[in-house]
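Only one structure is covered here, and it is reproduced in the block below.
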Amino acid sequence: MDCLFCKIVAGDIPSSKVYEDEYAYAFRDINPQAPVHILIVPKEHIPSVDGINSSNSAVVAKIFEAIPKIAAQEDLGGGYRVISNCGDNACQSVKHLHFHIVGGAQLSEQMA
Ligand code: 5GP
Ligand code: ZN
């Protein structure tokens with residue numbers, strides 16, 4: 001499948017890995033919007049939040065178990081934001097489910 005994040009998970013495209021387990025892979029965003037900007041993705045291809053269902057939601061739970069571990073590893077005790085852009089209006093540019101973990105500085109109150 002011609003999917004950038006599937007290729008990153010497979011190691012076909014290099015990335016700066018910060019965390020990996022059986023279900024999820026996390027790496028640094030190539031264009032960071034904050035001092036810490038990590039993407040965590042399921043290893044299986046799910047196109048977006050819209051593609052989450054009862055057959056694959058366990059992997060999403062695993063991702064959310066991993067996020068606080070990554071936050072601790074990255075010294076994000078001061079707080080951080082978890083974002084998933086879904087679809088065109090949200091400017092989702094890579095059609096493989098991913099959660100941005102953004103922090104390392106005071107973030108703006110602006111959400112949109
Ligand atoms: P989206 O806009 O879909 O929510 O987020 C996609 C994110 O993937 C963007 O923040 C973008 O900087 C990041 N990105 C795009 N291509 C690559 C890449 O090849 N490597 C890495 N590490 N991040 C990428
Ligand atoms: Zn994919």
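The charge dipole of the chain, taken about its Cα centre with unit charges on the Cβ of Lys, Arg, Asp and Glu (plus for the first two, minus for the last two), comes to roughly 60 debye.
Relative to the globular-protein estimate of 2.2 N^0.38 Å, the Cα radius of gyration of the chain stands at 1.02. Going toward the positive end of the dipole of region 53-112, with +1 on Lys and Arg Cβ and -1 on Asp and Glu Cβ, which of Tyr80, His100, Asn56 do you reach last? Checked the options; the winner is Asn56.
Count the net charge of all other residues whose Cβ sits under 14 Å from the Cβ of Ala24, scoring Lys and Arg as +1 and Asp and Glu as -1. Result for the neighbourhood of Ala24: -1. Unpaired Cys in the chain, meaning no second Cys C-beta under 4.7 Å: Cys86, Cys91. How charged is the neighbourhood of Lys62? Take every other residue with its Cβ under 15 Å from the Cβ of Lys62, and add Lys/Arg as +1 and Asp/Glu as -1. It works out to a net charge of -3. Axis angle, to the nearest 10 degrees, between helix 57-73 and the longest C-alpha principal axis of the chain: 30 degrees.
Here, each number is a calculation from the coordinates, and none is a lab measurement. This is a predicted model, so every value here is computed, not measured. Virtual Cβ from ideal backbone geometry, glycine too; neighbours counted across all protein chains shown.
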